[in-house]
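The numbers here are math on the coordinates, done by the rules we state, and not lab data. Because the structure is a prediction, the values reported are computed rather than measured. Every residue, glycine as well, gets a Cβ built from its backbone with ideal geometry; the counts of neighbours run over all protein chains shown.
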Ligand SMILES: *Cc1c(COP(=O)(O)O)cnc(C)c1O
């Protein structure tokens, strides 16, 4: 049952005659309203809008924002999603009027800086991926997946191998992987994991063949484990004529440490809104660029940003610039456009600023710290929770609340109880291959003190499960909203006020 503590709607606040603004006196002749608006369109009754002072409006919205949890408020170990702290300076840059007020139809000569930023960001992402070219256009990870698979399809069709219709996906995969493959018209074939949490190579060998279009893999996978057999896997798939797709939504463990291209992957997507420091949640905006190997470059969506020598025109002021950037639409083998305009540009600015300010050393350090933090938590928490894959993990790890389930308390209950302690819950019930899964990703941005506090809280909850299980089963007790009907909330969200019409 949903339990709402009373909080007034904006509509219920204020009183007639209150104002948050004062318009200057009219200093032109007034004209009758029905000269300005056709009388058929004029309303007969005033709109039922609240009348409030500025202070009331500010308190209302600040009050609402304080009822939410975010990484700026507290610990947010949401595995797979990389809820790291996002430096505020990146926000400042993204809101710089020189960027924020650009229009995608502006002439290229007037947006050279923006194009240069996109060009360089593409190069950085290619360097991180170990691949050749990239498109920045996809609006999210899942959109990148679809785009990457469309490239694989176009490439194979161009080679007369359009009959390849299967994408192999491990049973530990993120749910978007099979969904994207199915949306791209592929048949999804599942490959089992082995006892160490990696892809079972024997099982893979059984299912690859002339029908294989490719394999989609996350490495480290959603268990937070590095795929030990990745080079063998790559050989097996390539030998069968398939390509390798890397789900790099969460690349927080590998920056500057290893590169998907070197592992044998042909296509990679990154989530700028996870790894590269863009606030996310609540549905966007995101950005899921994909990087590809040379062989796939001709098929990239249009446009891509290119650089050329600046054409010299007599008498023109050439300034310092010898070269110019332009949007290349002349790409005959391209799969075409995958989105309006050029992607979520303001997200690219944040990612660019993040990469430039961290530098190669800083990115490597971030990954090392993320991995260290995860291993520290994993060891500490394995005292109170089951650890199904007891191996050194990368940026995240998966616990099982199996012991607690035996006491009648589920992973969901534990997640809800964490909210009472002012912490966000980990990802639960994912990956599907772990019973009562709790997937924890602390990220590199938390201090040891914050990690220790999480350990204390999780340990306290494990004790509560033994001593006062009802307390955990009925949590949360201190949040604004209790347990929601998640299906209703997802399918029929009520996100704005509507006037009730009789
Ligand atoms: C988040 C995530 C995705 C999907 O990314 P969206 O931007 O939410 O579409 C895909 N794979 C993995 C491993 C992820 O963590």
Can you put 184, 258 in order, fewest other beta carbons within 10 Å first? 258, 184
Using the reciprocal of the averaged 1/r over all distinct C-alpha pairs, how large is the Kirkwood radius of the range 47-123 in Å? 17.0
Taking neighbour counts of Cβ atoms within 10 Å as a proxy for exposure, in what order, fewest first, do 190, 470, 380 appear? 470, 190, 380
Have a look at the DSSP beta bridges in the range 88-356 and tell me what percent are antiparallel, nearest 5. 45
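Could you tell me whether the range 333-419 comes out rounded, prolate or oblate from its Cα gyration tensor? Rule is a ≥ b ≥ c as square roots of the eigenvalues, rounded for a/c under 1.5, then prolate if a/b exceeds b/c, otherwise oblate.
prolate
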Indicate, rounded to the nearest 5 percent, the antiparallel portion of the DSSP beta bridges found entirely in the range 158-250. 10
Based on Cα positions only, what radius of gyration and what Dmax would you give for the range 88-356, in angstroms? 19.3, 71
Can you give me the relative contact order of the chain as a percent, contacts being Cα pairs under 8 Å and 6 or more apart? 19
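Of 164, 307, how do they rank once you tally other Cβ atoms within 10 Å and put the fewest first?
Details: 164 22, 307 13.
In order of increasing Cβ crowding within 10 Å: 307, 164.
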Considering all projection directions equally, how large on average is the shadow of the alpha-carbon convex hull of the range 337-382, in square nanometres? 5.3
The range 433-477 and the range 46-112: distance between their alpha carbon centers, rounded to Å: 30
Using Cα-Cα distances under 8 Å and only pairs 6 or more residues apart, what relative contact order does the range 158-218 have, in percent? 46
Per q in 0.16, 0.18, 0.25 Å⁻¹, report the Debye log10 I(q)/I(0) for the range 1-101, using one uniform scatterer on each alpha carbon and no solvent. -1.06, -1.11, -1.25
Rg from C-alpha atoms of the range 122-250, normalised by the globular rule of thumb 2.2 N^0.38 Å, equals 1.00
Label-point separation (nm) for residue 30 and residue 295, each offset 7 Å from Cα along Cα-to-Cβ? 7.6
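Once you keep just the Cα pairs under 8 angstrom separated by 6 or more residues, what percentage relative contact order results for the range 88-356?
Values: 497 pairs, mean separation 72.4, N = 269.
Rounded, it is 27 percent for the range 88-356.
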Rank-order 404-412, 58-66 by packing density, defined as the average count of other C-beta atoms within 10 Å over each peptide's residues, highest first. 404-412, 58-66
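If you restrict to DSSP beta bridges whose two residues both lie in the chain, what percentage is antiparallel, to the nearest 5?
Around 60 percent antiparallel, to the nearest 5.
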For the chain, what is the per residue volume of the convex hull drawn over the alpha-carbon atoms, in cubic angstrom? 226
Over the chain, the sum of -39500 (n - 2.57) across DSSP H runs of at least four, divided by residue number and rounded to 500 deg cm²/dmol, gives at 222 nm -10500 deg cm²/dmol
